Amino acid sequence: MKIEQIELRRIELPFVTPFETSGWREVANHSLIVRLCAEGAEGWGEAPVGVGPWYNEETQSTAWAIAREYLAPMLLEGELHRPEDVDALYARVRGNRMARAGFEFAAWDLFGRLAGRSLSQMLGGTRERVAVGVSVGVQPDIESLLRVVAGYVAAGYRRVKLKIKPGWDIEPTRAVRERWPDLLLQVDANSIYSLDHAAHLAQLDAFNLLLIEQPLAHDDIIDHAKLQGRLKTPICLDESIVSSDHARWALELRACGIINIKPSRVGGLTAARRIHDMAAEAGVPVWCGGMLETGIGRAANVALASLPNFSLPGDISASERYFQRDVVRNPFTLNPDSTLSVPTAPGIGVVVDEAFLDSVTVERVTFTR
Ligand code: OSB
Ligand code: MG
């Protein structure tokens, strides 16, 4: 297949509430949206970069530049026989994995629509519903935190993740655990601690947490292995696992007991599935992380999470947890059992609301073969 047309957009879609982590605050989704056209069909993908280089090195501006100057022209010149070929086509591009993933997701959608197969089917998914939770940002005080968590619990979420940082870790976690003794609970530090905090972090062992996500540096594996030896709670790596090689290194060094897989962080679904398979082989559970995606990126995450070794609830909340209005006509809604249903329509299975997408598009460019 030869891609005939590529449309790129940068969008800005406000969140219902700002999202605050240990190191930054996001008030809107600033993704790059990719549309590929070929053989009378189209495919959509989202590169869910942040507004600044706070989670990883990518931003909407870097993704925009790399996509326009390299990724779009390379794809127009190349030829695809299957979606996995995008990975090979971009193999010589260093880093910039979220930008690459935006194109790779769109290729999976395009191939799926042409073949009449859902993305979950194409990937080897085995579930019709995927278990999900909600990621709760840093709050101004414990009273506000309990109110916010109570709202999500009332909405039906059975797993909650708390963002933590020094000065906002032990006490907020204790407060939520005391109020909800049976809630599935985990924390995420987004790389704010160092090994010097090992004894401090060990206090979290008292709260029966599923995991402690990415306590140490965004590019570290070695110190996480040392820290894991000093904690009972499993460490889960997020930022550090940017490729299947990084996953292999982390598994070999026992740097984590659990892996958060975000297909966007690792360059797409091909690499994500490889990591899933490798972790399954090693007996390490995985779960699907999120980047506050629109319905376009969320659909790829949900399909991925339908693979068998995604045995913990994902950070894939319903559309309304993020946006007043999503850019798809069939937004994701929470089932009463704290799951999202896996789309069954061909490709990613969401219908893009083009008029609304246009209204949140800040800049657009089209490439034709
Ligand atoms: O570290 O998992 C993270 C959002 C943006 C960047 C990084 C992270 C997150 C989340 C929210 O925790 C996940 C979601 O609900 O999409
Ligand atoms: Mg994380």
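Only one residue in GLY297, GLY347, GLY268 is among the small types (Gly, Ala, Ser), crowded, with 21+ Cβ neighbours inside 10 Å, in contact (Cβ under 8 Å) with a residue 12 or more places away in the chain and within 16 Å of ligand 2 (Cβ to nearest atom), so which one is that? If you could, list the steps in order and put the result at the bottom.
Numbers: GLY347 fails: within 16 Å of ligand 2 (Cβ to nearest atom); GLY268 fails: within 16 Å of ligand 2 (Cβ to nearest atom).
Being among the small types (Gly, Ala, Ser), crowded, with 21+ Cβ neighbours inside 10 Å, in contact (Cβ under 8 Å) with a residue 12 or more places away in the chain and within 16 Å of ligand 2 (Cβ to nearest atom) holds for just one of GLY297, GLY347, GLY268, which is GLY297.
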Looking at (1) within 12 Å of ligand 1 (Cβ to nearest atom); (2) crowded, with 18+ Cβ neighbours inside 10 Å, find the lone condition where GLY43 falls short.
(1)
All positions within region 198-213 that are within 14 Å of ligand 2 (Cβ to nearest atom) and more than 19 Å from VAL176 (Cβ to Cβ)
none
I'm checking my understanding of the structure. Among residues of region 313-331 that are acidic (Asp, Glu) and touching a residue at least 40 places away in the same chain (Cβ under 8 Å), which one is nearest to ligand 1 (Cβ to nearest atom)?
ASP315
Check on PHE111, of a type in the set (Phe, Trp, Tyr) and surrounded by 20 or more Cβ atoms within 10 Å (Cβ to Cβ)
yes
Within 19 Å of ASN309 (Cα to Cα), surrounded by 17 or more Cβ atoms within 10 Å (Cβ to Cβ), more than 15 Å from ligand 2 (Cβ to nearest atom) and touching a residue at least 12 places away in the same chain (Cβ under 8 Å): is that true of SER244 in this structure?
yes
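Do we have any residue at all in region 68-82 that's closer than 15 Å to ALA271 by Cα, out of contact with any Lys or Arg (no Cβ under 7 Å at 6 or more places or on another chain) and either part of a loop (DSSP other than H, G, I, E, B) or free of Cβ contacts under 8 Å to residues at least 40 places away in the same chain (or both)? Don't jump to the end; show me each part of the working.
At the first step, the residues of region 68-82 found to be closer than 15 Å to ALA271 by Cα are 82.
Pick out the ones that are also out of contact with any Lys or Arg (no Cβ under 7 Å at 6 or more places or on another chain) and you get 82.
Next, only the ones that are either part of a loop (DSSP other than H, G, I, E, B) or free of Cβ contacts under 8 Å to residues at least 40 places away in the same chain (or both) stay: 82.
There is at least one residue in region 68-82 that is closer than 15 Å to ALA271 by Cα, out of contact with any Lys or Arg (no Cβ under 7 Å at 6 or more places or on another chain) and either part of a loop (DSSP other than H, G, I, E, B) or free of Cβ contacts under 8 Å to residues at least 40 places away in the same chain (or both).
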Enumeration of residues in region 8-37 that are open to solvent by less than 20 Å² (accessible area, probe 1.4 Å), touching a Lys or Arg at 6+ places or on another chain (Cβ under 9 Å) and within 19 Å of ILE296 (Cα to Cα):
LEU8, ARG9, LEU13, SER31, LEU32, ILE33, VAL34
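Filter region 264-286 down to residues that are within 14 Å of ligand 1 (Cβ to nearest atom) and touching an Asp or Glu at 6+ places or on another chain (Cβ under 8 Å) and give me whichever is nearest to VAL342 (Cα to Cα). Spell out the reasoning first.
If we filter region 264-286 for residues that are within 14 Å of ligand 1 (Cβ to nearest atom), which is where we start, we get 264-266, 286.
Now restrict to residues that are touching an Asp or Glu at 6+ places or on another chain (Cβ under 8 Å): 264-265.
Details: SER264: 18, ARG265: 21 Å.
Per the criteria, the residue is SER264.
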Of the residues in region 171-216 that are buried (at least 21 other Cβ atoms within 10 Å of the Cβ) and assigned to a strand (DSSP E or B), the one that is farthest from ligand 1 (Cβ to nearest atom) is LEU185
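The values are calculated or read from the model by the stated rules, or taken from the named source; none is laboratory data. This one's a predicted model, so the numbers in the text were calculated from it and none came from an experiment. Counting neighbours? That spans all protein chains shown, and the Cβs are built from the backbone with ideal geometry, glycine included. Heavy atoms of the whole protein, side chains included, go into the accessibility calculation; ligands, DNA and RNA do not. Shrake-Rupley method; radii C 1.70, N 1.55, O 1.52, S 1.80 Å.
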